[in-house]
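The values are calculated or read from the model by the stated rules, or taken from the named source; none is laboratory data. Note that this is a predicted model, so its numbers are computed, not measured. Every residue, glycine as well, gets a Cβ built from its backbone with ideal geometry; the counts of neighbours run over all protein chains shown. SASA here: full protein model, heavy atoms, side chains in, ligands and nucleic acids out. Shrake-Rupley method; radii C 1.70, N 1.55, O 1.52, S 1.80 Å.
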Amino acid sequence: MYEVSDLLEEMNERKPLVLIVDDVPKNIQLLSLILSRKNYEIAFAVSGEQALEMLESISPELILLDIVMPGMDGFEVCEKIKANPVTEGIPIIFLTGRAAAEDIKKGFQTGAVDYISKPFNSEELLARVKTHIELKRNQDVKDALIALLQKTVARFRDIADIVPGAPAASGTDEIALIIEKFVREKI
């Protein structure tokens with residue numbers, strides 16, 4: 001139980017980290033200014049290759065990704081991030097000047113959670129960033145609760161297995177009954 005409360009406390013105290021990936025320094029400066037005013041921590045990369053390298057050492061809660069960049073474009077970067085089990089859960093919002101329907105469709109097909117066309121409205125950008133970070137944090141809490149539940153069930157199984165003469169139990173209710181019966185009889 002403490003593991004989950006520690007996770008919740010850490011999430012509430014920690015500023016969300018947003019990775020901005022754009023090859024235009026003025027775009028990075030503008031986004032950094034907008035986001036830092038709302039208490040977001042910022043990291044940035046000026047290429048897809050640099051972003052992928054950074055993801056080996058940082059774990060942002062959201063990535064704002066341009067499409068048009070020299071070398072690896074944003075679609076390819078997104079596909080690589082989503083193909084890596086370590087980074088696949090990071091939400092990606094494409095923030096780009098490309099607004100054609102086929103680009104938007106491809107953005108979602110490669111794994112993005114959202115797509116914003118430039119020029120963008122700052123309030124809309126902030127609302128979408130906030131929403132996707134909250135969804136990510138909620139998913140992280142859900143994953144932590146599931147892991148804790150799995151550990152608890154495994155512990156119950158271990159305890160039930162050492163009860164002398166106890167029948168094999170398959171479900172958590174059966175495991176709990178075996179442990180309860182043992183405790184009532186022995187204590």
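Side notes on the structure shown:
- Surface share of carbon and sulfur [accessible, 1.4 angstrom probe, percent] for segment 61-131: 53
- Three-way shape call for segment 30-142 based on the alpha-carbon gyration tensor, with the a/c threshold at 1.5: rounded
- Alpha-carbon centroids, segment 27-54 and segment 92-120: separation in whole Å: 17
- Cα gyration tensor shape for segment 1-94, rounded if a/c is under 1.5, else prolate or oblate: oblate
- Per residue value of the accessible surface for segment 1-158 (all protein chains in place, 1.4 Å probe), Å²: 57
- Above-threshold pairs, the threshold being 25 Å between Cα atoms, out of Lys82/Lys151; Lys130/Lys151; Lys105/Lys130: Lys82/Lys151; Lys130/Lys151
- The relative contact order of segment 15-106, computed from alpha carbon pairs under 8 Å that lie at least 6 residues apart in sequence, is 29 percent.
- Cα gyration tensor, segment 75-124 - rounded (a/c under 1.5), prolate or oblate: oblate
- Among residues other than Gly71 with Cβ under 10 Å from its Cβ, the summed charge is -4 (Lys and Arg +1, Asp and Glu -1).
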